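Chemist: The structure's right below; bear with me while I get my questions together.
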Amino acid sequence: MKKSLIKLWVSFAVAVVGIMGIWVWMQEPRVKQPISQVIEQEELAEVERLNQQEEQLYQQGRYAEAIPFAEKALAIRKNVLGDDHPNVATSMNNLALLYYLQGKYTEAEPLFQQSLAIWKEKLGDNHLDVAKSLNNLALLYESQGRYTEAEPLYQQSLAIRKEKLGDNHPDVAMSLNGLATLYYSQGKYTEAEPLYQQSLAIRKKKLGDNHTDVAVSLNNLAAFYKSQGRYMKAESLYQQSLAIWKEKLGDNHPDVATSLNNLAAFYKSQGRYTEAEPLYQQSLAIRKEKLGDNHPDVAISLNNLAELYSLQGRYTEAEPLYQQSLAIIKEKLGDNHPYVASSLNNLAELYSLQGRYREAKPLFQQSLAIRKKKLGDNHPDVATSLNGLALLYKSQERYTKAESLYQQSLAIWKEKLGDNHPDVATSLNNLAELYRLQGRYTKSESLYQQSLSITKEKLGDNHPDVATSLNNLAGLYYSQGNTISGVGLLSQGLEVEERNLSKNLIAGDERQKQDYMSKISGITDAAVSLNLQSAPNNLEATRLGLKTIFQRKGRILDVLTNSLQILRQRIDDPKTQELLNQLITKGTQLSNLIFKKAEYFPDSKVYRELLTNAETEVKGLEDELSRHSAEFRNLSQPITLEKIQQQIPADTALVELVRYQPVNLKTPQNERFGKPRYAAYILYQTGEPQAIDLGEAEPIDKTVEKLRKYLRNSKVPLEQLQRSARKLDEMVMQPVRQLLGETKTILLSPDAALNLIPFEALVDENNQYLVENYQITYLTSGRDLLRQNPKNNRQTPLVIANPKYEQQGEIVTLDNYRSIDLSDRVFLPLGGTQVEAETISQLFPEALMLTKTKATENALKQVKNPDFLHIATHGFFLSKPKSENSTDIDNPLFRSGLVFAGVEKQQSGGDDGVFTAYEATLLNLVGTQLVVLSACDTGIGDISAGEGIYGLRRAFVIAGSESQMMSLWKVEDEATKDLMVAYYQGLKAGKGRRDALLDIQRDWLQEGEYQHPYYWASFIFSGDSTPIELNSKVKS
């Protein structure tokens, strides 16, 4: 539960803005030689034309394109005027400036120096052009971290300008701004602030409130206030600065990119990650377009975006950005620049977060060495490196070394930033954590409380760092056995996390949401573990553990479902519908590409590029749609046990199974979590929750896999299967039954591998299947009970069955099983599905039936809100590809699905007959009461602890359906047909959606050819179990 500090370079970035206004132009002199006068005047007139083109490109931020014009202008002036003319110095200055802006510092420095020398010689030491030259050379040195060389140049420039122009001239403001930025870079904050304020006041007075130089001062003063933790002042100034830049320079200027970058960094520091990301991305895009891919400012944008991703737990996205940033900075600035130190430190922090300490240590050490050499021993950035290295030693249990470094770090931050800065709070928190691990609880408590107080004061009550402080202080009290205080503080910390979780799940694609949930999974485990391992008899701890599960288990599924439901209902919003249509189109294109082999394309690189582009487009659209549906936040209500209890029927128990890792707070972070375990929480309509630990997960998971193997094979003797089913029951459900008493109706929310087995097939101590005595309905989480199911605007029921597949080749192993390996691309007809569909159509004449050539993927995509949807065809689930070069991507929703008429091996555009689970998420099934997938493997997928199964079952929930009936293994065609016919007969008779299946299962297991659980336990029901209500209209 540590808090890491990662230093950003926003202050360095703004220095680029500080050079605005130093572009120098001079009137060309009259040439005296009469013979060559005309020619030379023509050449100098050419210089003026070059200068105008150069200036235009400069103002547009097109620096690389301006350089050839500046080089040509310099060459002409040298030829006409000689090497030492003041106008030659002007051309040198301008070319040097362009090199500087391109990050070509070695090319810029000699030109700045030569320019300065000429002006001094020709104009005298105190000329204003000398002041400009001194200022520019100082800026170059500052950018290279050569602060001791830069400071006297800034001071000389300021003195000349004050003498020549007076104290209130805009050029004096420029020198004040540059000197202030230098002091800020060195951590000399008390010297920097008054200079920033003087500079701003002069510029406003002399240039007006909306001048770009005013924007520079606003931006730099905002950065200063941010570094001081004075956030309210900073935000307003950042926004004013950005508005001026956009108005004066247009949306795509590099200075606008800098302003966007800095405002994004401010939002990040506030924990406002969803607001920060689009600004960072805009900044990066502008800088790449205007400055090229290898500019230092591009490196800054890459670094800052990576740091944001790291804070969100998106480590795989962060690492390559950090590495790209480091490579650019080293290439452009050399190995020992302070920027390099920052980049090394940030990459080391990322490795530490991932437990990659051996990779982190040398980077921390290199960063510290560079910073000490360039910035001195007492710079805040040195404190950052010391803090990171201390964290590393703490993880290695080298506590003495860690303590010394933490104390040095704290002393520097206090000296440079004051006692109440957020970085000081971070340092206090980290030192407190070290003392807690050493059992020095009194010292630890005092520092934790100081850290919490500062963090609340400076960042507000709901900042992520406040949650960290509260959780850490709770952990201290738990370590001391003070359960009451620990539960209270942990509850507060979790509430703050919940507020931030709601904000951060709004934006981004599903993978981004998964990463964020993963980042906070440790505290989820802690809430459950501290209840079951430390305080099993404490009612408040039990309530907190279950509440945390309700808040987080199945959370992403809930967010996606609610978000898409809102968007689908906004039919009066053209933008929303356009985005949805674009996502459907791009999702189809991506799905089609995945199921085409690379050899079907002229070049495998072309195929890979198409696939990558399609993935990027889909991800972007998902993010945009997530943000577009942000108003669903207003519909979200806090989760409470009482609200869920109100939705639990009488005489029914909600059984919430959870996989968690026990937490030992007395060990270092990298050793804190033990082997995964399972637990069960039981909640009734009234009364308090109960909890029980079920033991280590590994033996349970192995038993699950063994039972699944037996269930999938009808030839396994019943006695052998029942022994395995009994063993799993002893591990999981027998302990639960001790808490259930006489309750026979269960709302069951499995977790992890337990999602893959039908609990009805478990065998109790009386050698009876659970289905004989219990009615089980499956949920992803108890929070499913709070989901609202719209009943209006439902359409005619739809039955799709017996597609006419395009056969290509000989079938060898599939027989009449409703599942298929797509690598063969051979699809045999399933005769039972035709009978199945016709029987359903007879029972429900209002249903629309599509079979044979009409049973197409395109037809399914056109459906909207049918009363029920029945699909009988081949289903598939493909394992995760092992090869890095596989054309199948990692998303499991693209590896499971259904096949329809028109499947062709080489079809590349439009619908290809392969309907993936991802495409199913985009169906409009809001209000659809029931989806039945009469195919094999439709209920399985990749397992995600806390999120259920990633496959068709999840997809049809996201699409909006109220309930689903799907299969867990391959089922013989005739048996499936018989089960489905009986099921719909039960629905027609008015039975509940769950009861109709339950009656079949109880009937079949008694006797006959379907007595084996292979037949009757293959399908499971999840969702709303009440009877379906059909509209009275009949299809025409």
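Chemist: Any idea what angle helix 441-459 forms with the longest principal axis of the chain, computed on alpha-carbon atoms, 0 to 90 degrees, nearest 10?
Modeler: Taking the Cα atoms of the chain, the angle to 441-459 is about 70 degrees.
Chemist: Given points 7 Å out from each Cα along the Cα-Cβ axis, report the ALA243 to GLN52 separation in nanometres with one decimal.
Modeler: 3.6
Chemist: Using only the C-alpha atoms of segment 10-249, find the volume of their convex hull and express it per residue in Å³.
Modeler: With only Cα atoms used, segment 10-249 gives 118 Å³ per residue.
Chemist: Send over the Kirkwood Rh of segment 335-560, from the inverse of the averaged 1/r over different Cα pairs, rounded to one decimal Å. Write out the running numbers ahead of the final one.
Modeler: Numbers: mean 1/r = 0.0534 Å⁻¹.
Here the Kirkwood hydrodynamic radius works out to 18.7 Å.
Chemist: Now a separate question. Subtracting the Cα-Cα distance from 0.36 nm times the residue separation, let me have the gained length for ALA982 to GLU838 in nm, one decimal.
Modeler: Fully extending the segment from ALA982 to GLU838 adds 50.5 nm.
Chemist: Another one. Give the order of ARG358, ARG440, ARG737 when sorted by the count of other beta carbons within 10 angstrom, beginning with the fewest.
Modeler: ARG358, ARG440, ARG737
Chemist: Still on this model: So for VAL835, VAL663, fewest C-beta neighbours within 10 Å to most, what's the order?
Modeler: Values: VAL835 18, VAL663 23.
Going from sparsest to densest Cβ surroundings: VAL835, VAL663.
Chemist: Turning to a different aspect of this structure: Quick one: angle between helix 399-417 and the longest Cα principal axis of the chain, in degrees between 0 and 90, rounded to 10, please.
Modeler: Here the helix axis deviates by roughly 50 degrees.
Chemist: Neighbouring Cβ atoms within 10 Å as the yardstick, rank ARG794, ARG726, ARG356 fewest first.
Modeler: Starting with the residue having the fewest Cβ neighbours, the order is ARG356, ARG726, ARG794.
Chemist: Same structure, new question: Determine, for each peptide in 260-271, 146-157, 364-375, 553-564, the mean count of other beta carbons within 10 angstrom over its residues, then list the peptides with the highest first. Let's see the in-between values first.
Modeler: On the way: 260-271: 24.4, 146-157: 18.7, 364-375: 20.6, 553-564: 22.9.
My ranking of the peptides, most packed first, is 260-271, 553-564, 364-375, 146-157.
Chemist: Using modelled backbone amide H atoms (1.01 Å from N, in-plane), which distant-in-sequence or interchain residues come within less than 5 Å of LYS104's amide H?
Modeler: Here the answer is none, since no amide H 5 or more places off falls under 5 Å of that of LYS104.
Chemist: Then there is this: Within 10 Å, count the other beta carbons around each residue, average over each peptide in 378-388, 195-205, and list them highest first.
Modeler: Put in order of decreasing packing, that is 378-388, 195-205.
Chemist: Just add up the charged neighbours of TYR189: K/R +1, D/E -1, any other residue whose Cβ is under 13 Å from the Cβ of TYR189.
Modeler: After counting each charged neighbour, the total is +1.
Chemist: Please give the calculated 222 nm ellipticity per residue for the chain, where each DSSP H segment of at least 4 residues contributes -39500 (n - 2.57) and the sum is spread over every residue; nearest 500 deg cm²/dmol?
Modeler: The helix contribution divided over the chain gives -19000 deg cm²/dmol.
Chemist: Something else about it: How much length is gained if the chain between THR686 and VAL716 is pulled fully straight, taking 0.36 nm per residue apart and subtracting their Cα-Cα distance, in nm to one decimal?
Modeler: Residue separation times 0.36 nm, minus the Cα-Cα distance, leaves 6.5 nm.
Chemist: Next up: Where a Cα-Cα gap under 20 Å defines reach, which aspartates and glutamates qualify for LYS401, not counting those fewer than 8 residues away within the same chain?
Modeler: GLU349, GLU359, ASP377, ASP381, GLU433, GLU671
Chemist: Related question: Give a residue-ordered list of calculated ³J(HN,Hα) values for segment 540-554 (Karplus: 6.51 cos²θ - 1.76 cosθ + 1.60, θ = phi - 60°; whole Hz; x for Gly, Pro).
Modeler: Computed from phi, the couplings for segment 540-554 are 5, 5, 5, 4, 5, x, 5, 4, 5, 4, 4, 5, 10, 6, x Hz.
Chemist: Then there's this: Hey, with R₀ at 45 Å, roughly what FRET efficiency would ASN858 and LYS643 work out to, going by the Cβ-Cβ distance, to 0.05? Write down the numbers at each step before the final one.
Modeler: Working: r = 41 Å, r/R0 = 0.92.
The computed FRET efficiency comes out at 0.60.
Chemist: Tell me, what does the Kirkwood hydrodynamic radius of segment 491-572 come to in angstroms if you use every pair of distinct C-alpha atoms?
Modeler: Result for segment 491-572, one decimal place: 14.0 Å.
Chemist: Kirkwood Rh and Cα-based Rg: tell me the resulting Rg over Rh for the chain, rounded to two decimals.
Modeler: 1.05
Chemist: In terms of Cα to Cα distance under 20 Å, which aspartates and glutamates are near enough to LYS104, apart from those fewer than 8 places away along the same chain?
Modeler: Counting by Cα, and skipping residues close in sequence, LYS104 has these aspartates and glutamates nearby: GLU54, GLU55, GLU65, GLU71, GLU142, GLU149, ASP255, GLU289, ASP293, ASP297, GLU331, ASP335.
Chemist: Moving on. Within segment 442-482, whose backbone N sits under 16 Å from a point 7 Å along Cα→Cβ of LYS233?
Modeler: Taking a point 7 Å out along Cα→Cβ of LYS233, the residues of segment 442-482 whose backbone N falls under 16 Å are 458-459.
Chemist: Now, a different point. What FRET efficiency, computed as 1/(1 + (r/R0)^6) with R0 = 30 Å and r the Cβ-Cβ distance, is obtained for GLU331 and THR148, rounded to the nearest 0.05?
Modeler: After rounding to 0.05, the efficiency reads 0.75.
Chemist: Considering only DSSP beta bridges whose two residues both sit in the chain, what percent are antiparallel, to the nearest 5?
Modeler: 50
Chemist: Now for a separate question. Report the far tail of the P(r) of segment 400-450, meaning the percent of Cα-Cα pairs longer than 12 Å. Each step should come with its number before you reach the end.
Modeler: Working: 752 of 1275 pairs.
I get 59 percent for the Cα pairs in segment 400-450 exceeding 12 Å.
Chemist: Same structure, new question: Over segment 641-785, one equal point on each Cα, no solvent: what is log10 I(q)/I(0) by the Debye formula at q = 0.16, 0.18, 0.20 Å⁻¹?
Modeler: Log-scaled intensity ratios, in q order: -0.88, -1.05, -1.22.
Chemist: Quick one: helix 422-437 against the long Cα principal axis of the chain, what's the angle to the nearest 10°, folded into 0 to 90?
Modeler: 50
Chemist: Right, here's the next one. Tell me, what is the percent relative contact order of segment 641-785, built from C-alpha pairs under 8 Å that lie six or more residues apart? Mind dumping the intermediate values first?
Modeler: Numbers: 232 pairs, mean separation 38.3, N = 145.
Here the relative contact order equals 26 percent.
Chemist: Express in nm, to one decimal, how much length is gained between ASN767 and GLU1007 on full extension, taking 0.36 nm for each residue of separation and deducting their alpha carbon distance. Provide the component values of the computation, followed by the final result.
Modeler: Numbers: separation 240, 0.36 × 240 = 86.40 nm, distance 1.61 nm.
Computed gain between ASN767 and GLU1007 is 84.8 nm.
Chemist: Excluding residues fewer than 8 places away in the same chain, name every one of the lysines whose C-alpha is closer than 17 Å to that of LYS715.
Modeler: Candidates past the 8-residue exclusion: LYS706, LYS970.
Chemist: With a cut-off of 8 Å between alpha carbons and a minimum separation of six or more residues, what is the relative contact order of the chain in percent?
Modeler: Computed over the chain, the figure is 7 percent.
Chemist: A further question follows. Suppose R0 equals 30 Å; then what is the FRET efficiency for GLN354 and LYS702 from their Cβ-Cβ distance, rounded to the nearest 0.05?
Modeler: Efficiency, rounded to the nearest 0.05: 0.60.
Chemist: Find out how many positive minus negative residues lie around PRO536, taking Lys and Arg as positive, Asp and Glu as negative, among other residues whose Cβ is under 14 Å from that of PRO536.
Modeler: Numbers: positive: ARG543, ARG677; negative: GLU540, GLU688, ASP693.
Once positives and negatives cancel, what remains is -1.
Chemist: So, one more: Which of the pairs LYS72/LYS164; LYS188/LYS458; LYS519/LYS619; LYS268/LYS513; LYS248/LYS268 have their Cα atoms more than 23 Å apart in this structure?
Modeler: The pairs that break the limit, which is 23 Å between Cα atoms, are LYS72/LYS164; LYS248/LYS268.
Read-outs throughout are calculated quantities, based only on the coordinates presented, and are distinct from any laboratory measurement. For clarity, every value in this text was computed on a predicted model and none was experimentally measured. Virtual Cβ from ideal backbone geometry, glycine too; neighbours counted across all protein chains shown.
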